Number of protein chains: 2
Amino acid sequence: MRPIDALVNALPEGRVLTDPDVVDSYARDRTFVEPGKPLGVVLAASRDDVVATMRWASEHRVPVVPRGAGTGLAGAATAGDGSVVLSLHRMTAIKELSPADEIAVVEPGVITADLDRAAREHGLMYAPDPSSYEISTIGGNLATNAGGLRCVKYGVTRDSALGLEVVLADGRILRTGRRTVKGVTGYDLTGLFVGSEGTLGVITSATVRLRRAPAVPPATFAAEFGSLREAGAAVAAIMAAGCQPSLMELLDRATLEAIDDWRNIGLEPGTNAMLIGQSDAADGQAVAARMERLCVANGATFVAVSSSPQETDELIGVRRMAYDAKERLGACLVEDVCVPRSVLPDMIAEIEAAAARHDVKICTVAHAGDGNLHPVFIFERGLAEPPANVWAAADDVFRHALELGGTLTGEHGVGVLKRRWLGLESGPVVQEVQQGIKAVFDPLGILNPGKAI
Amino acid sequence: MRPIDALVNALPEGRVLTDPDVVDSYARDRTFVEPGKPLGVVLAASRDDVVATMRWASEHRVPVVPRGAGTGLAGAATAGDGSVVLSLHRMTAIKELSPADEIAVVEPGVITADLDRAAREHGLMYAPDPSSYEISTIGGNLATNAGGLRCVKYGVTRDSALGLEVVLADGRILRTGRRTVKGVTGYDLTGLFVGSEGTLGVITSATVRLRRAPAVPPATFAAEFGSLREAGAAVAAIMAAGCQPSLMELLDRATLEAIDDWRNIGLEPGTNAMLIGQSDAADGQAVAARMERLCVANGATFVAVSSSPQETDELIGVRRMAYDAKERLGACLVEDVCVPRSVLPDMIAEIEAAAARHDVKICTVAHAGDGNLHPVFIFERGLAEPPANVWAAADDVFRHALELGGTLTGEHGVGVLKRRWLGLESGPVVQEVQQGIKAVFDPLGILNPGKAI
């Protein structure tokens, strides 16, 4: 019997897909990275399915690539030859939502925005909101420690993860963390799993923290600038003034053009940067007015403030459209560098210089309040791999971010895409220690090999 | 040459103390736990001293007990026979404080409140504030993942730790984390070290996050109740109303009596619980008034609100006095259970029942907004160990906390004191995984053996 037949036998009927076209569609994330040829896909419907899959994988030494919705931007869910894809997207139960304790217990396939909506029925919210939150899953968000727009105020996914149920490589079940807001019993295994890209275990349940939803609609502003540097200076001024925005997004001219070409947002010729900010504080309207004044003081050519939910949705909608708009231009290599906030203008200048130096089209958006930039390098669709000038520009941007005291990845993860630069940031001691930890959880090396570390 | 002489030779002059009385004073934390007889104490003045100590310890297989100010309440810094105490309290440099990036880089011996004061000169604050923050060190806070009064709003020490420099067991230097507010390169080693009680490495530098200090003085209230249950209900109502207090402390009658006996706070006969709360929001005065009304609605017999800094300091001072006041009553076994907020009244009832059942004096304070309770079991000073009825009452409290979905320790750590209950919370898979991680960092088992896990 072939190993894959043993897997089919080990699971309830219909759980394993082997049609090559279907398997191929589950072997990719949202990057250009070409997958190999996996043996099949498991559509797990329960923790038992995950346990059975991992026991089988351990027995047959088959690599397993856990997967949420495949919206990742780093190749962390790209599946290789001879592996099995383990998709958690059908495990969609919100098992518990406790308004009194402000927690929810969820399966990994829950769509992030669905959890947020469920929480809002009780006056709460699930804060982490990656741009993909209408299509990405909590499990995927946990695996990559996803960020998002609101994390400038509320933190990243790890900051909302209290406890996990994880199926280990050999099929044993590990329960980490707690249901309480504080707890220090033993090592922080929850934090270790968050962001580990499925290389240490498969998350089958998560206890997450909910927060009070703001009582009033947020106040939102959009400001236009003649240059990215002025917009960057406005961000620095807003953060230094203690405005504590709940969102602070920067879009460059190339991004705005891509959106304008697609959806006609009436882009003015002199607008080279747009800043969209929000305050959800009790005195949000006053804070937004302060942020507006700081934009004007830093050279904004136009600023509009709104607290109408519809207008707000439109402004934020422009930002959430950014990645889709760029994908219309060609294949995309998405970077995710994060730098100390004070050097954001320097980083922006280097991105512009690298684009010119290597003759590459780069569209940049930034979670500017966090110093987290997403320069997107556009190249010809259909190429197996970005051309040399794109890699060279990407290399310049990564190295400059590290020189500025930054990091390769603020929120997307390492996946396969950033591994070639890992050594520059981490150094040999970190790498040795991480390999040691990996071996504790996955001695056979079957969990998403070649990712994260 | 004896091993300790080799250590003296390996370090600059004056770094190693061997006088038995002096060594004994460095071998204890703030618990009753009797230490063994360490070989000596290293007063590290630099990272190089730490490296030399760890190399020596690895060569001679000598256990090393890292130590901050010795204010711990779990026996995590209690040193055993034949070990060496490695004190970091002389490494007190604030190496960098960047208002623009809202970070500081500090040595481990910096007193927590000193860093907070340094930050406030720039309109910032260092949020974590364990009750001991005027005498405890950042290094000790990191090692135990210390909580504090403000963490109901700002999170625990881990939430402010961005990056670490750690000397490993063999003397190699590991750098974890980053200077940016976000970052997901590799596994979360920073989070793993925070709360590991010196069992994985010795922290020699930390990059921590600062936050904007509130612009206006906080508004503070104190409310008196006839029963703990009413006070607990007021806490639940305040949290459910989304008041987001920056502090929410509960004191029981026994604690208030201990403080009153010492400092005469004018305790009324009918007052069986006091709640002290604070809002540092922009509209803090209005929020405090809301919290006041919710106290009255839940049975408060007296409430006072203040925004005068002096009155506020007096109210918070009552709370910060609690532990010193209890130590006047006898030896103390301090618990640190944390439960989901909604079951705080149940937990309080069980503590009262356990005190009656086992005839033990228990004084309780709670970081009530977090569900984190500190029942302090008082027993006769001079006993080597708490009497059987104290252990029995403590056991009842731990078990009940776990039954309620809580944890053994919200912020003090496991140390040696809570290890007998660890298995109840963690289970065998967690323990095996933690031992595996420990072995990656400390294959010889010389780093603070017998603690944390």
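What is the projected area of the convex hull of the Cα atoms of chain B, averaged over all directions, in nm²?
Details: hull surface 84.2 nm².
One quarter of the hull surface, i.e. the mean projection, equals 21.1 nm².
With semi-axes defined as the square roots of five times the eigenvalues of the C-alpha gyration tensor, the equivalent ellipsoid of region B:8-66 measures 21, 13, 11 Å, largest first.
Within the assembled protein chains, the solvent-accessible surface assigned to B:Val181 is about 30 Å², based on a 1.4 Å probe. Using a Förster radius of 51 Å, what is the FRET efficiency between B:Glu327 and B:Ala297 based on their Cβ-Cβ separation? Nearest 0.05, please. Plugging the Cβ-Cβ distance into 1/(1 + (r/R0)^6) gives 0.90. Once the chain from A:Gln431 to A:Glu380 is taken as fully extended at 0.36 nm per residue, the excess over their C-alpha distance is 14.9 nm. Each part reduced to its alpha carbon centroid, region B:387-453 and region B:276-312 end up 37 Å apart.
Residues whose amide H falls under 5 Å from that of A:Gly36, counting only those 5 or more places apart or on a different chain, are A:Ala79, A:Gly80, A:Asp81, with hydrogens built in the peptide plane.
Label reach from A:Arg357 (point 7 Å along Cα→C-beta): in region A:401-416, amide nitrogens under 19 Å belong to A:401-409.
Testing the spin-label approximation: label points 7 Å from Cα along Cα→Cβ at B:Ala439 and A:Arg117. State their distance in nm. If labels sit at B:Ala439 and A:Arg117, their model points lie 4.8 nm apart.
Dividing the convex hull volume of the alpha carbon atoms of region B:121-264 by its residue count gives 177 Å³ per residue.
What shape does region A:91-185 have by the C-alpha gyration tensor, where a ≥ b ≥ c are the square roots of the eigenvalues, rounded means a/c under 1.5, and otherwise prolate means a/b greater than b/c and oblate the rest?
Values: a/c = 1.44, a/b = 1.26, b/c = 1.14.
Judged from the Cα gyration tensor, region A:91-185 comes out rounded (a/c under 1.5).
For region B:190-234 versus region A:172-242, the spacing of their alpha-carbon centroids is 18 Å. Between copies, the label points of B:Thr301, set 7 Å from Cα on the Cα→Cβ line, lie 7.0 nm apart, reported in increasing order to one decimal in nanometres. Going from the chain on its own to the full set of protein chains, region A:432-453 has these residues losing 40 Å² or more of accessible surface (heavy atoms, 1.4 Å probe, no ligands, DNA or RNA): A:Val433, A:Gln434, A:Ile437, A:Val440.
How large, in Å, is region A:261-384 by the Kirkwood hydrodynamic radius built from its alpha-carbon pairs? Working shown, then result.
Details: mean 1/r = 0.0609 Å⁻¹.
About 16.4 Å, per the Kirkwood formula over Cα pairs.
First check a/c for region B:136-194, with a ≥ b ≥ c the square roots of the eigenvalues of its C-alpha gyration tensor; if it is under 1.5, answer rounded, and if not, answer prolate when a/b is larger than b/c or oblate otherwise. Oblate is the answer for region B:136-194, as a/c is 1.5 or above yet b/c matches or exceeds a/b.
When N is the residue count of region B:208-293, what does its C-alpha Rg come to as a fraction of 2.2 N^0.38 Å? Intermediate values should be presented prior to the final figure.
Details: Rg = 14.5 Å, N = 86, 2.2 N^0.38 = 12.0 Å.
In units of the globular-protein estimate, region B:208-293 measures up at 1.21.
The Cα atoms of region B:310-376 define a convex hull whose projected area, averaged across directions, is 5.1 nm².
Averaged over peptide A:395-408, the number of partner chain Cβ atoms lying within 10 Å of each residue's Cβ comes to 2. The alpha carbons of the protein assembly as shown occupy a box of 79, 62, 62 Å along the principal axes, longest dimension given first.
Say a label goes 7 Å from Cα toward Cβ at A:Gly317 in every copy; what distances in nm does this one have to the rest, shortest first? Label-point separations across copies, in nm and ascending: 5.8. Counting only protein heavy atoms and a 1.4 Å probe, the protein assembly as shown has 35 square angstrom of accessible area per residue. So, counting K/R as plus one and D/E as minus one, what does the shell of residues with Cβ under 14 Å around A:Lys361 add up to? For residues surrounding A:Lys361, the net value is -3.
The other copies place their B:Arg120 label points at 3.9 nm from this one, listed shortest first, where each point is 7 Å from Cα along Cα→Cβ. Counting Cα-Cα pairs of region B:335-453 in 5 Å increments starting at 0 gives whole-percent bin shares of 2, 11, 20, 20, 18, 12, 9, 6, 2, 0. Region B:62-107 and region A:17-39 have Cα centres separated by 50 Å. Shape call for region A:1-139 from the C-alpha gyration tensor, a ≥ b ≥ c root eigenvalues: rounded (a/c under 1.5), prolate (a/b greater than b/c) or oblate? Cα axes put region A:1-139 in the oblate bin.
Given the DSSP H assignment, sum -39500 (n - 2.57) over each helix run of at least 4 residues in the protein assembly as shown and divide by its residue total; what's the result at 222 nm in deg cm²/dmol, nearest 500? Numbers along the way, then the final one.
On the way: 30 runs with 328 residues, N = 906.
Roughly -11000 deg cm²/dmol at 222 nm, from the helical runs in the protein assembly as shown.
Sorted from longest to shortest, the spans of the Cα atoms of region B:40-99 along the three principal axes equal 44, 29, 14 Å.
The phi-based Karplus calculation (6.51 cos²θ - 1.76 cosθ + 1.60; θ = phi - 60°) puts the 3J(HN,Hα) values of region B:239-244 at 5, 5, 7, x, 6, 6 Hz, whole numbers, x for Gly and Pro.
Chain A has one residue whose beta-carbon comes closest to the axis relating it to chain B; that residue and its distance in whole Å are A:Gly191, 2.
Quick one, can you get me the convex hull of the C-alpha atoms of region A:178-336 expressed as volume per residue in Å³? Let's see the in-between values first.
Details: hull volume 27.7 nm³, N = 159.
Measuring per residue, one finds 174 Å³ for the Cα hull of region A:178-336.
Here the 3J(HN,Hα) profile of region B:254-265, calculated from phi with Karplus coefficients 6.51, -1.76 and 1.60 at θ = phi - 60°, is 4, 5, 4, 5, 4, 5, 5, 4, 7, 10, 6, 9 Hz, Gly and Pro shown as x. Here region B:83-140 is described by how far its Cα atoms reach on the three principal axes: 43, 24, 12 Å, from widest to narrowest. In order along region A:62-75, the Karplus-derived 3J(HN,Hα) couplings, from 6.51 cos²θ - 1.76 cosθ + 1.60 at θ = phi - 60°, round to 9, x, 10, 10, x, 8, x, 9, x, 9, x, 10, 10, x Hz, and Gly and Pro are given as x.
The values are calculated or read from the model by the stated rules, or taken from the named source; none is laboratory data. Here the structure is a predicted model, which means the values were calculated and not measured. Heads up, the Cβs are rebuilt from the backbone with ideal geometry, glycines too, and the neighbour counts pull from every protein chain shown. All accessible areas refer to the heavy atoms of the entire protein, side chains included, with ligands and DNA or RNA removed. Shrake-Rupley method; radii C 1.70, N 1.55, O 1.52, S 1.80 Å.
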